[in-house]
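Heads up: the structure comes next, in structure tokens.
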Amino acid sequence: MEAAIAVKPIIKVAALCGSLRKASFNRGLIRSAIKISKEAINGMEIEYVDIAPLPMLNTDLEVDGTFPPVVEAFRQKILEADSILFASPEYNYSVTAPLKNAIDWASRPPNVWADKPAAIISTGGSFGGGRSQYHLRQIGVYLDLHFINKPEFFLNAFQPPAKFDAEGNLIDEDAKARIKEVILSLQAFTRRLQGN
């Protein structure tokens, strides 16, 4: 009798970008992560979840324990995800207002972030969005999000050679290889937390 080969379930990753611009470099990082996961990583699906339609948090919009439909749909995407991938630009030493708004909506009771593994990638000026990552990690402590520690991914978008094309697509091969390492780390961490 042949031994059954255990097939590990596919890890579903919700990917959020803190920048709303179509040609955003951080959104380019997400697109690159999705492409890498499809082409080079088995057992993982990354889905971009758009935060642009979310209204600004206002608890007056919560009626009888329900949220506006667009918020309910967003919260369901987070709830169904096994893990989260954030691409967070740095605005004024912190995360962006749209990203914080999305985080706050999904943290309303019941908190759908709780116990989820997460990773952060970022790009921008000199520190490549690094300060936003530190703030996001602090926010994650309260939300019970579990961020991978290594590898970290910060990318100076403006240091030669060119990192992105005119549409905001990542063209730097070294950066792509580093994103792959982040995704593999997130996959392994997710499996460990799930006990698989």
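Below are the figures for this structure:
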{"read-out": "Surface/4 of the Cα convex hull for the chain, nm²", "value": "12.8"}
{"read-out": "Partners for K35 among lysines (Cα-Cα distance below 23 Å; same-chain residues under 8 apart left out)", "value": "K8, K12, K22, K77, K116, K150, K163, K176, K180"}
{"read-out": "The chain: relative contact order in percent, alpha carbon pairs under 8 Å with at least 6 residues between", "value": "25"}
{"read-out": "DSSP-defined antiparallel bridges as percent of all bridges, the stretch 5-117, nearest 5", "value": "15"}
{"read-out": "Per residue accessible area of the stretch 45-196, 1.4 Å probe, in Å²", "value": "50"}
{"read-out": "Percent RCO, i.e. relative contact order, over the stretch 43-131, from Cα pairs under 8 Å lying at least 6 residues apart", "value": "32"}
{"read-out": "Residues in the stretch 159-180 reached by a label modelled at S126 [backbone nitrogen below 19 Å; 7 Å Cα→Cβ]", "value": "159-161"}
{"read-out": "For the stretch 1-110: span of alpha carbons on each principal axis (Å, largest first)", "value": "62, 37, 21"}
{"read-out": "Overall Cα dimensions of the stretch 30-81 - principal axes, largest extent first, Å", "value": "45, 19, 12"}
{"read-out": "Beta bridge orientation in the chain: antiparallel %, DSSP, nearest 5", "value": "15"}
{"read-out": "Placed amide H near A15: partners under 5 Å, 5+ positions off or other chain", "value": "E47, Y48, V49, L85"}
{"read-out": "Carbon plus sulfur fraction of accessible area for the chain, probe 1.4 Å, in percent", "value": "55"}
{"read-out": "Estimated 222 nm signal from helices in the chain, with DSSP H stretches of n ≥ 4 weighted -39500 (n - 2.57), rounded to 500", "value": "-12500 deg cm²/dmol"}
{"read-out": "Approximate spin-label separation E47-R21, in nm, with each point projected 7 Å along Cα-to-Cβ", "value": "2.8"}
{"read-out": "FRET efficiency for D165 and K8, using Cβ-Cβ distance with R0 set to 45 Å, rounded to 0.05", "value": "0.80"}
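The values are calculated or read from the model by the stated rules, or taken from the named source; none is laboratory data. Worth saying up front: this structure is predicted, and the values here are computed from it rather than measured. Here the Cβ is made from the backbone with ideal geometry for all residues, glycine too, and neighbour counts use every protein chain on show. The accessibility values were calculated without ligands, DNA or RNA, using every heavy atom of the protein model including side chains. Shrake-Rupley method; radii C 1.70, N 1.55, O 1.52, S 1.80 Å.
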